[in-house]
Amino acid sequence: MQVKILTDSACDLPKSFYDENHVTLFPLKVEINGKEYEDVKSIDPTTVYEAIRGGIIPKTSQVSPLLFEEVFTQMAEKSEDGIYIAFSSELSGTYSTAVMILDQVKEKYPNFNLTIVDTKCASLGYGLIVKEAAILAAKNLDKEKILKDVLSRSQHMEHLFTVEDLDYLAKGGRVSKASAFLGGLLNIKPILNVEGGKLVPIEKIRGKKKVMRRIIEIMKERGTQMNSQVIGISHADCEEVALEMKTMIEEEFHPLEVYISSIGSAVGSHTGAGTISIFFLNDLPSA
């Protein structure tokens, strides 16, 4: 029996991916003006960005514990083996809730073979891990081999991203309001990454073109065998910039593929519009 792959919507893969690849989706929740939506399933990212531009700050919440219980129980009853590839525990309580519900389900079904992985990753960096796991599962690889690949990619996934508006990061407590104000005046753009599952600013650059060139330089410093991997780009309502970045990456590294997706409603609620994120591996998994 094929290993079942499960994930949540913070992986920022397109809606069509889940059905086409037989991946179970757990949607995070997004609230706008008191109305709650299921990420991917009942809200489009453009709705979030329009709300943000209108001065509304969306709220997000983790996956429903009842949904975890329902899906895990159904799998246990069918004796299905699975891997739930989860959003970073440093950025959401979803992973911890899933572990708690799994423990409860295993009290009734002690032989239930589900492993939950805290990727410490976000957005399409997390999505690329899910994407590869789905490919391996479709090839009927055994669970341990898929799990080995998931863990390796989780440990070696690089996240580099920049935001259009420092004010939005300031509202989320990511940078000081003074820095955001000065950044706006001076056209300063931060480059951030994810370390140990947490959001960490690493540099500030003046001007969008310089930021893009600096991201390419950091990719050179950190990447391994870039021509042998799929590089991801996710964007928040700025596809033209993503396509420009894709061209730069293809010219510099000649990767197997540059995969572009939109930043989803849950993650986009925290980054705001204009965010560009680049994802690649600093070490490739062994065969």
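Once both labels are modelled 7 Å past Cα along the beta-carbon direction, what's the Asp44-Gln225 spacing in nm?
Output for this residue pair reads 4.0 nm.
Say we join alpha carbon atoms closer than 10 Å with springs in a Gaussian network model of the chain; which of Gln62, Gln74, Gln229 then has the biggest fluctuation?
Gln74
Just grab the label-to-label distance for Lys78 and Glu250, each label 7 Å out from Cα along the Cβ direction, in nm (one decimal).
3.9
What is the local net charge at Val211, summed over the other residues whose Cβ is closer than 13 Å to its Cβ (Lys, Arg +1; Asp, Glu -1)?
+4
Taking the solvent-accessible surface of protein heavy atoms with a 1.4 Å probe, what is the per residue accessible area of the chain in Å²?
47
Is the C-alpha gyration tensor of the stretch 1-47 telling us rounded, prolate or oblate? Criteria: a/c under 1.5 is rounded; beyond that, a/b larger than b/c is prolate, otherwise oblate.
prolate
Calculate what fraction, in whole %, of the accessible area of the stretch 3-133 sits on carbon and sulfur atoms when a 1.4 Å probe is rolled over the protein chains.
Details: 2600 of 5730 Å².
Percent of accessible area from carbon and sulfur atoms in the stretch 3-133: 45.
Looking at the square roots a ≥ b ≥ c of the eigenvalues of the Cα gyration tensor of the stretch 23-94, which shape do they give, rounded for a/c under 1.5, prolate if a/b is larger than b/c, or oblate?
It comes out prolate by the Cα gyration axes.
State the Cα centre-to-centre distance between the stretch 217-287 and the stretch 58-113 in whole Å.
Taking the Cα centre of the stretch 58-113 as reference, the centre of the stretch 217-287 is 29 Å away.
Can you tell me the 0 to 90 degree angle between the C-alpha axis of helix 123-138 and the longest principal axis of the chain, rounded to 10?
The angle comes out near 30 degrees.
Which percent of the Cα-Cα distances in the chain go past 24 Å? Please report the intermediate quantities before stating the final value.
Numbers: 20412 of 41041 pairs.
I get 50 percent for the Cα pairs in the chain exceeding 24 Å.
Pick out which of Asp103, Asp12, Asp81 has the largest mean-square fluctuation in a Gaussian network model of the chain, springs linking Cα atoms closer than 10 Å.
Taking springs between Cα atoms under 10 Å, the residue moving most is Asp103.
In the stretch 1-127, what percentage of the DSSP-assigned beta bridges are antiparallel, given to the nearest 5? Mind showing how you got there, number by number?
Values: 7 of 21 bridges.
So the antiparallel bridges in the stretch 1-127 amount to around 35 percent.
Heads up, I need the accessible area for Met245: 1.4 angstrom probe, whole protein in place, Å², nearest 10.
So the heavy atoms of Met245 present about 0 Å² to solvent.
Rounded to the nearest 500, what is the chain's calculated 222 nm mean residue ellipticity when only DSSP H runs of at least 4 contribute -39500 (n - 2.57) each, over all residues? Mind showing how you got there, number by number?
Details: 11 runs with 126 residues, N = 287.
Here the helix-only value at 222 nm equals -13500 deg cm²/dmol.
Under a 10 Å cutoff between Cα atoms, tell me which one of Asp39, Asp237, Asp142 has the largest fluctuation in the Gaussian network model of the chain.
Asp142
Out of the DSSP beta bridges found with both residues in the stretch 1-56, what percent are antiparallel (nearest 5)?
45
With both partners inside the chain, how many of the DSSP beta bridges are antiparallel, as a percent to the nearest 5?
So the antiparallel bridges in the chain amount to around 55 percent.
Could you calculate the contour length gain from Lys209 to Gln2, that is, 0.36 nm times the residue separation minus the distance between their Cα atoms, to one decimal place in nm?
Gain in length upon complete extension: 70.0 nm.
Size of the dipole of the chain about the Cα centre, Lys and Arg at +1 and Asp and Glu at -1 on the beta carbon, nothing else charged, in debye to 20? It would help to have the intermediate numbers written out before the result.
Working: 32 positive and 40 negative charges, 162 e Å.
Dipole of the chain, to the nearest 20 debye: 780 debye.
The values are calculated or read from the model by the stated rules, or taken from the named source; none is laboratory data. This structure is a prediction, so every number in the text was calculated from the model and none was measured. As a convention, Cβ positions derive from the backbone with ideal geometry for all residues, glycine included, and neighbour counts pool all protein chains shown. Areas reflect the complete protein model, heavy atoms only, side chains present, ligands, DNA and RNA absent. Shrake-Rupley method; radii C 1.70, N 1.55, O 1.52, S 1.80 Å.
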